[in-house]
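To keep things clear, I will list the structure first and then write my remarks on it.
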Amino acid sequence: MITTDQASIRRILKSVVPVTAGAQALSFVSSLALANVLGATQATDAYFLGLSVPMITFGILLAAVRLGALPTLTEWRARHADGFTGLSSELFTGVTLAALLISVVATVIALIAMPAAISGSSGKLLHLTRIALVELAPLGVLGAMIGILGAILAACGSFVPAAAILALEPVAKTLFVV
């Protein structure tokens, strides 16, 4: 026999899975758009080299913030529902500012280390990689913002919008380059 909690979980999964699949489809479309714009050139190599650091920062901040904040936010909302909006706003601002600092530091370190990482390559590849790295640096901040927004929405019981905001990453990645 299926309990109410199991039925709720199944209903949530049925609505979240298509939204998550849609976000992944947008990621695929983003990759196609970038390949169409960049082609198979040195610029493409530079883009993917430059993308590596911001995507690592994006992934770490997204997971750390979402997984770290969700239990505390859920508990806080259950105990202090009236102050949840103010807490969410302050938390969003604080996480965004911390992520900005982390992203700037990671980008500066990567810019300094880049010549050693791709030594033996042309100066043009190094130049293009540095440009891509700077263009895509905001992805780290975006990861933290998506993580905290997803945690806030999930703590409120809104799972579909929490999954839908994952679509911001491929759209932003495309806009930062194009």
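Couple of notes before you dig in:
- Gap separating the Cα centres of the stretch 80-120 and the stretch 138-153, nearest whole Å: 10
- Charge-dipole axis of the stretch 41-163 as Lys and Arg at +1 and Asp and Glu at -1 on Cβ define it, positive-most pick from Pro138, Gly150, Ile112: Ile112
- Cβ crowding within 10 Å averaged over residues, with 62-70, 45-53 ranked highest first: 45-53, 62-70
- Each Lys and Arg adds +1 at its Cβ and each Asp and Glu adds -1 at its Cβ; summed about the Cα centre, the stretch 41-163 shows a dipole of about 120 debye.
Just so you know, all these numbers are worked out from the coordinates, no wet-lab data involved. Only a predicted model underlies this, so the values are computations on that prediction, with no experimental measurement involved. Don't worry about glycine lacking a Cβ; one is built from the backbone with ideal geometry, like all the others, and counts go over all protein chains shown.
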